[in-house]
Each structure stands twice: as structure tokens, then as C-alpha cells.
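Asker: Next up is a structure, given as C-alpha cells.
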Amino acid sequence: NPFAELVSHLRASWLSGKTRPMEYRMAQLEALGCFLDDKKQQILEATASDLGKAPFEAELSEILLCKNELHETLNNLSRWMKDEQVDRTLAMQLDSAFIRKEPYGVVLIIAPWNYPIQLFLVPLVGAIAAGNCVIVKPSEVSKKTERLVAEALPGYLDKDCFAVVTGGVQETTRLLENKFDYIFFTGSSPVGQIVMTAAAKHLTPVTLELGGKNPCYVSDTCDVTNVARRVAWGRFFNAGQTCIAPDYLLCTIEMQEKLLPALHKAIDDFYGPNPRESPDFGRIVGDKQFQRVQRLLGSGRVAIGGQTDEAERYIAPTVLVDVQASDPIMQEEIFGPILPIVVIANMDEAIDFINSRERPLAVYAFSSDDKVVNEVLERTSSGGFCGNDTLMHVTLPSLPFGGIGNSGLGMHHGKFSFDTFSHRRGCLKRGMGREPLNAPRYPPYSQQKFGVVQATSKVTRKNDCTLL
């Protein structure tokens, strides 16, 4: 196996204990900050080349959010690493019982192409903070960013403990043949199944950050202008290539009639009358992806946009109406700048529609009535939820980010990243003396001995009354 020696080298480094001291982890995290600072311009240029990303979008999503994760982790790492004391029974009052947060060992992070810096670096922050050695596999689809990461990142991190591996499907398949102690994958559900199958051969735990069709319910009571601006921003950010973008709208026919002119105005305000000329609207990452998204334009009827240019991999910000649940665009994650509107009669029908499908990565709900937003929250299930906005919940390091069911397994961001990459080791330390206290547990057994063991070891319900 072409990667066996690399994995073995990193495992030897991990077994040496090199990554365990807090000072070492902090130094490597600081080095990641230097990478972001020093290579900022190259990151902006690479993401512009790969995805047509506007500097504003790239700096926000690829640099600022990564910096926030770094600072959150550096500010709290000493606290997160501390042993966690736990409650003890009467029999254990003289003992030490605690949870120790230990690194798993050698971790593999497989990143996607849509946010090619953020989606490897944010989990990498957690893996380093938890004391692991790491192999990073950036996506080969975002070619310029992959080259930048492969050439530049190793110069900032300890080469004995961290490595970057490049290549396509064949290389990734061979990489997954090796035994890792944890695998973190971000990408599509079908590839997630392949990764999980490979991990199962070694009984390796995984986090799968996948995707899905994120519904966005718009009630009849809302500020239509604000809804249109917030939905258009979330849908067309990064040309729609965002796993938590609102994938389709659910609203009544009356609300659709109000939303269409408001969405048209929002798109015009954001990108001008010809979004192709806007410096703030991106492009589809590759020809294969362009052709897939272009085919989805055949669903329903184009109400806004619809223009394409294969040479530029340009698809205009598009809104579709007359979309049926059986249409092709409703069968897969869109991952492009197309927003279908599905008409429903009321909120109950919208909730039934959401619950009849696979659980998504995010559910969005818009209403001026907080009871409506809360009802959608309480009666649906998803990885995350955002009321009266889109995407913004993912910007908080204090909130966990992850899917459920078809949209993923596990979570990260902030302390949740540290916890994901840490094994919580239950520890009990007892003294060598006081052996008479152990006598009741030893044979020969008797009911009297059991009574003593039960009295000193049981956990009682609060408010239970015990007669002495």
C-alpha cells in the first residue's frame, strides 16, 4: 500500500507521546493561524480560480470562520483538556473518579471541494487540539486550492505528526485501506457510505458530514422583503454550492406570488441585471458538476433566471415554480444556484412534506409569529435549525454542526470538534489500603453482605425517602 509507511510513521510519532502536551498542541494551532495569515492572498486567488469565489465570500467562509474556530479553541483548550470529575457512590467516596480526554491516535480528514479551506481546516483544529496525528486529504476537484494546501501547509506543521495526501478516487481508496483510529469525512451520502464501509473493516469510528435537501418553510405572516433577501443570500452564496443552503421553498400559492417579485429584486440588488457580470457571483466548480446542475433546470418552470454558459460554467441565480415532489430536482441535493418553490396548502402540509423525506442537514422556517417557527422546530428533525434566516447558525462555534440519518453522523465546531476527536476514558483510582471496606463483596456471599454492598453502592432517586 503506497500510504502504509506514512501511516506507520505518524503512528510511531503518536505513540511517542509527542502530540500530548498542551504546549505542543497550542504551538501547532498557532502555526495554522500563521498559515491563514501568510497565505491569505493565495487562498483568495485559488478559491477564485476554482469556484469563482468573490473575495468577500472567500474571506468570510474560508478565513474568518477558520480564525474564529482557532481562537475559540486556543482560548479554551486548557479547560477542555482537564480531567472531568464525576459523582461517586458512598463506597467510592475516598477514591478518585474522573474522565480523561485522550487523543484517538492517527486521524484521517477527507475534505470536499466546495469550501476547500474551511472544511479541512476546521476539523483539523479539533483533531490537533485533541492531540492526534493527522493526514489531510483535500479534494482533487478544487485543483488550485489542493495544490496550495499540499505545497504550503506542511511547511507550517510538524511533518512527523501531520501530512497532506493528494489524488483522486483511486488514491483515496488505497488510503482508506489503512487502519486509522478515526475518520472524518465531508461530502456526499453515497461516498459517505463507501468511507463508512472501509472504516468498518478496521472498526474505525467515523464522523460523516453529508448533505441533503434542506427545506425552507415560509409562512403567510412574514416580512416578504426580508425573507427574499435572506433566502437569496443563503441559496446563491458560493453559487449555491453549500451543503446547508436552503434547497427548496415550501409556501402557499399566495405567498409564492408575493415572493417572486421580492426574490427578483433581491437578486437584482445583489448581482445586478446580469449576474454573469457580477464580481460577487461564483461559478460551478467543474464540467461534470455543471452538467448535472444544468439538467435539473428541466424541472418545473423557470420564473427567474435560467441562463447558462457551459464555457464559463455559469448558471444564473434561478427560481423554479410549478415544481412537483416527483420532479428530478426534488430527488437529489441541488448544490447549485437553483431555488425550486413547492406549493403547499398550510404549515401542517409543509411539516408532513418535510417529515416524509430523509432528515436534512438543516431546516429553515420564516414567520413573524414565533409560535410558527417553534412549531416547525418541534415537529421536524434535522441536523440543525435556523429560524428567520439562512446559513447563520453555522457561523457560531458554540453550536454543534452535524447531520442526522442520511445527512450525517457526529458533529463538530468549537468544543464539539475537540470532543469528536477525543476518546473519553473513564478512570477510577483507589488506594491500596482499607481492605476491610472491600470485604462485603468477596465470597462466601450472604444476604447480609449484599445488604451492605447495596447500601453503599446504589444510586437513589432524588426525593426518595429513606427510613433509617
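Asker: Would you mind finding the one in 184, 162, 120, 180 that is open to solvent by 10 Å² or more (accessible area, probe 1.4 Å), closer than 27 Å to residue 394 by Cβ and either under 16 Å from the mean Cα position of the chain (by Cα) or at pLDDT 95 or above (or both)?
Answerer: Going through 184, 162, 120, 180 in turn, the sole match is 162.
Asker: Follow-up question, since we're still on this one. Take residue 269 and decide whether it is within 22 Å of residue 50 (Cα to Cα) and not hydrophobic (A, V, I, L, M, F, W, C).
Answerer: no
Asker: Is region 307-316 home to any residue that is touching a strand residue (DSSP E or B) at 6+ places or on another chain (Cβ under 9 Å), touching a residue at least 40 places away in the same chain (Cβ under 8 Å), part of a strand (DSSP E or B) and under 26 Å from residue 224 (Cβ atoms)?
Answerer: Yes.
Asker: With respect to residue 72, is the statement that it is under 30 Å from residue 194 (Cβ atoms), not hydrophobic (A, V, I, L, M, F, W, C) and not in a loop (DSSP other than H, G, I, E, B) true?
Answerer: No, not satisfied.
Asker: Does residue 5 satisfy the condition of being of a type outside the set (Lys, Arg), at pLDDT 95 or above and open to solvent by 30 Å² or more (accessible area, probe 1.4 Å)?
Answerer: Yes.
Asker: What residue, among those in region 8-33 that are among the hydroxyl-bearing types (Ser, Thr, Tyr) and in a helix (DSSP H, G or I), is least open to solvent (accessible area, probe 1.4 Å)?
Answerer: If we take residues in region 8-33 being among the hydroxyl-bearing types (Ser, Thr, Tyr) and in a helix (DSSP H, G or I), then 13 is least open to solvent (accessible area, probe 1.4 Å).
Asker: Just to be sure, is residue 369 assigned by the TED database to the domain that holds residue 191 and at pLDDT 95 or above?
Answerer: So residue 369 does not fit the description; no.
Asker: Another question, then. Would it be correct to say that residue 91 is modelled with pLDDT of 95 or more, out of contact with any strand residue (DSSP E or B) (no Cβ under 6 Å at 6 or more places or on another chain) and not aromatic (Phe, Trp, Tyr)?
Answerer: Judged against the criteria, residue 91 is not a match.
Asker: In a helix (DSSP H, G or I), open to solvent by 70 Å² or more (accessible area, probe 1.4 Å), of a type in the set (A, V, I, L, M) and modelled with pLDDT of 95 or more: does that describe residue 36?
Answerer: Taking the combined requirement at face value, the residue does not satisfy it.
Asker: Additional query: List the pairs whose first member sits in region 442-459 and is free of Cβ contacts under 8 Å to residues at least 24 places away in the same chain, whose second member is open to solvent by 70 Å² or more (accessible area, probe 1.4 Å) and aliphatic (A, V, I, L, M), and whose Cβ atoms are under 8 Å apart, counting only residues at least 6 apart or on separate chains?
Answerer: As it stands, the answer is none, since no pair meets every condition given.
Asker: A further question follows. Could you go through region 203-221 and let me know if any residue there is surrounded by fewer than 21 Cβ atoms within 10 Å (Cβ to Cβ) and within 16 Å of residue 342 (Cβ to Cβ).
Answerer: Yes, region 203-221 has at least one match.
Asker: Looking for something open to solvent by 60 Å² or more (accessible area, probe 1.4 Å), of a type outside the set (Asp, Glu) and farther than 30 Å from residue 127 by Cβ - is there at least one such residue anywhere in region 408-415?
Answerer: No, there is no match, as no residue in region 408-415 is open to solvent by 60 Å² or more (accessible area, probe 1.4 Å), of a type outside the set (Asp, Glu) and farther than 30 Å from residue 127 by Cβ.
Asker: Another one. Can you tell which of 108, 65 is hydrophobic (A, V, I, L, M, F, W, C) and part of a strand (DSSP E or B)?
Answerer: 108
Asker: Now for a different question. Within region 360-382, can one find any residue that is in contact with a Gly (Cβ under 7 Å, 6 or more places away or on another chain), assigned to a loop (DSSP other than H, G, I, E, B), open to solvent by 20 Å² or more (accessible area, probe 1.4 Å) and in contact (Cβ under 8 Å) with a residue 12 or more places away in the chain?
Answerer: Checking region 360-382: not a single residue is in contact with a Gly (Cβ under 7 Å, 6 or more places away or on another chain), assigned to a loop (DSSP other than H, G, I, E, B), open to solvent by 20 Å² or more (accessible area, probe 1.4 Å) and in contact (Cβ under 8 Å) with a residue 12 or more places away in the chain.
Asker: Further question on the same structure: Say whether the condition of being open to solvent by 30 Å² or more (accessible area, probe 1.4 Å) and in a strand (DSSP E or B) is met by at least one residue in region 387-399.
Answerer: yes
Asker: Consider region 135-162. How many of its residues are small (Gly, Ala, Ser) and in a loop (DSSP other than H, G, I, E, B)?
Answerer: Selection size over region 135-162: 2.
Asker: While we're looking at this one, here's another question. Just to be sure before I move on: is residue 283 closer than 19 Å to residue 245 by Cβ, touching a helix residue (DSSP H, G or I) at 6+ places or on another chain (Cβ under 8 Å) and surrounded by fewer than 15 Cβ atoms within 10 Å (Cβ to Cβ) in the structure I sent?
Answerer: No: the conditions fail for residue 283.
Asker: Another one. Could you tell me whether residue 298 is open to solvent by 10 Å² or more (accessible area, probe 1.4 Å) and farther than 30 Å from residue 46 by Cα?
Answerer: So residue 298 fits the description; yes.
Asker: Report yes if some residue within region 115-132 is in contact with a Gly (Cβ under 8 Å, 6 or more places away or on another chain) and either in the same structural domain as residue 186 (by the TED database) or part of a helix (DSSP H, G or I) (or both); otherwise report no.
Answerer: Within region 115-132 (the criterion being in contact with a Gly (Cβ under 8 Å, 6 or more places away or on another chain) and either in the same structural domain as residue 186 (by the TED database) or part of a helix (DSSP H, G or I) (or both)), the answer is yes, since at least one residue qualifies.
The values are calculated or read from the model by the stated rules, or taken from the named source; none is laboratory data. In this text, all values refer to a predicted model and were calculated from it rather than measured experimentally. Glycine gets a Cβ as well: all are built from the backbone with ideal geometry, and neighbour counts include every protein chain shown. Note: areas computed on protein heavy atoms with side chains; ligands, DNA, RNA excluded. Shrake-Rupley method; radii C 1.70, N 1.55, O 1.52, S 1.80 Å.
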